[in-house]
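The values are calculated or read from the model by the stated rules, or taken from the named source; none is laboratory data. Remember, predicted model here, so these are calculated numbers, not experimental data. Neighbour counts run over all protein chains shown; Cβ positions are idealised from the backbone, glycine included. All accessible areas refer to the heavy atoms of the entire protein, side chains included, with ligands and DNA or RNA removed. Shrake-Rupley method; radii C 1.70, N 1.55, O 1.52, S 1.80 Å.
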Amino acid sequence: MIIDAEKIENILSHTTQTAVSLIDDILAEAGAAHGLSLEHAAALLSVEEPALLQRIFKKAGEVKEKVFGKRIVLFAPLYLSNECVNNCLYCGFRKDNRDAVRKTLTIDEIIKEVKTLEGMGFKRILLVSGEDPKVSGVDYLVDAVKVVYENTGIRIIHLNAPPMEIEDFRRLKDSGVGVYQAFQETYHRPTYKTMHPSGQKKDYDYRLHVMDRAIEAGFEDVGIGALLGLYDYRYDALATIAHSQHLYEKFGSHAHTISVPRLRPADGSPISHAPFPVSDREFKKIIAVYRLAVPCAGVVVSTRESSALRDEVIRIGASQISAGSKTEPGGYTLNKFQISNFKFQNDSTEQFSTNDHRGLEEMIGAIAKNGFLPSLCATCYRVGRVGADFTDMTLSGNMEKFCQANALLTLQEYVLDYAKNGVRELGTELIAKGVEEIKNTGLKKEVLKKLHEIRQGKRDVFF
Ligand code: SAM
Ligand code: SF4
């Protein structure tokens, strides 16, 4: 059983009063960066006291640094299609949103969008699509992935697309997709049923088993998450951790990423506010607990969140963030008039409204100023550090050195090829400081050699 609802409810009902001494013990255990039991994760999720919360945040920041170093990975989402046969109550792409301007990018438009992102300096993109087998089925997705690799310098493509059968997953994996991502939205069955009234998505179990199918088809890296705000966050956060533990028990690898999408207003959605609002304080607690419970997972924070909050969460366990995101197909290059070739009632093509509008350069500057290391690395998926190997290497403390070194190399490329507005100087300083911090003299020598190669014109250099 992937999610034992009774067990999760039982754990939650027994952890309302957690003693401070127990929290001390749990944080000491979490410091080893080997993860936490569901009981201990639930105990941390129950903490409300500000001083105790600060200690959880601090520990999560330390564990993040222990497993991945100071690096924060950057990527951009690219929306391929907002046509959708489902009717998820919270989403602007839902079928019954008659006001939405519908658009599925053509192959030429995909290339144009990706070239725009590439021109900003992105090396990693996440393709996103609504669910409509007639226009954005697996043939279309495979073609999209192929043309991006063939026509642009994007190094890795991840995909957030509807659940599918093993055969289709095989084709997608063969096309070169890195991480396959899909969110359960809520693990709470009754709420799931209300939120997903029709279409394939109404089948809770089909969606719950999607990662098992993806992994069986050869996807070693998968990304999970709950849409925060649909149901009690304690239940959904704990179930998300349980989902990752299930994957570890069955396949030897935890979820490669855990995303924390928090419900945002969406035009044309009948839900005007979250049924179970998650405050900023709770949001931070969820991020920190994911980091402590599943230390090897990338915790991904999108531009659904404000710039101030995103600057904060990189201190408490988040390890990957998007930048400059548009949540509509064609958002980077097409204007609304071009998109609305058959329908233009209002302005709406977005899935939901974003909250942090900083572009890649500004994000890189902000991460650097906050004392972290922006990274455009896409190496692991390309050199086979995936699945169980990635989980083992990360849990045994052997990933940090690769992450740190590759962050420096990709930052060097960015500084030479794209940086302006003071980010060039800031990046150069950061690289010098980062090299100084490498304790292993052999590795330091290798990094210096590779940095020199990049300055001489070589590109795509990595460990
Ligand atoms: N259509 C596919 C699906 O539903 O799995 C994949 C793409 S969907 C566009 C990506 C994710 O956006 C959904 O899984 C959901 O978690 C999130 N989402 C939808 N509506 C949202 C909203 N109003 N606010 C925040 N996130 C939302
Ligand atoms: Fe369609 Fe996905 Fe939006 Fe649901 S969340 S309406 S499946 S795009």
Counting alpha carbon pairs within less than 8 Å and at least 6 residues apart, what relative contact order, in whole percent, applies to segment 386-455?
-> 33 percent
Let me know the charge dipole size of the chain about its Cα centre in debye, to the nearest 20, where only the beta-carbon of Lys, Arg (+1) and Asp, Glu (-1) is charged.
-> 1060 debye
Based on Cβ point charges of +1 for Lys and Arg and -1 for Asp and Glu, what charge dipole magnitude is obtained for segment 386-455 about its Cα centre, in debye rounded to the nearest 20?
-> 260 debye
Whole-angstrom Cα spans of the chain along principal axes, big to small | 60, 57, 39
Would you tell me the accessible area of E83, worked out with a 1.4 angstrom probe on the heavy atoms of the protein chains, in Å² to the nearest 10?
-> 40 Å²
With a ≥ b ≥ c from the Cα gyration tensor eigenvalues, square-rooted, and the rule rounded for a/c under 1.5, otherwise prolate when a/b > b/c and oblate otherwise, segment 386-455 is prolate
Most to least accessible of T18, T441 (protein chains only, probe 1.4 Å) = T441, T18
Once the dipole of the chain is set up with Lys and Arg at +1 and Asp and Glu at -1 on Cβ about the Cα centre, which of A60, M211, I364 lies farthest towards its positive end?
-> I364
Cβ-isolated cysteines (cut-off 4.7 Å), the chain | C84, C296, C377, C380, C403
With the other protein chains left in place, how much accessible area per residue, in square angstrom, belongs to segment 245-294 at a 1.4 angstrom probe?
-> 38 Å²
Keeping every protein chain in place, order E350, E413, E167 by accessible area at 1.4 Å, biggest value first, i.e. largest first.
-> E167, E350, E413
How would you classify segment 1-93 from its alpha-carbon gyration tensor, with a ≥ b ≥ c the square roots of the eigenvalues: rounded for a/c under 1.5, else prolate if a/b is greater than b/c, otherwise oblate?
-> oblate
Using heavy-atom solvent-accessible surface (probe 1.4 Å) with all chains present, what is the largest-first order of T194, T354?
-> T194, T354
Over segment 65-369, calculate the relative contact order: mean separation of alpha carbon pairs under 8 Å at least 6 apart, over the residue count, as a percent.
-> 25 percent
Please turn the phi angles of segment 305-315 into ³J(HN,Hα) values with the Karplus equation 6.51 cos²θ - 1.76 cosθ + 1.60 (θ = phi - 60°), one per residue in order, whole Hz, x for glycine and proline.
-> 9, 6, 4, 4, 5, 5, 5, 6, 5, 6, 8
Of all the accessible heavy-atom surface of the chain, with the other protein chains kept in place and a 1.4 Å probe, what percent is carbon and sulfur?
-> 51 percent
Enter the accessible area per residue of segment 386-455 (Å², integer; probe 1.4 Å; all protein chains in place).
-> 49 Å²
Helix-only [θ]222 nm of the chain, DSSP H runs n ≥ 4, -39500 (n - 2.57) each, per residue, nearest 500 = -14500 deg cm²/dmol
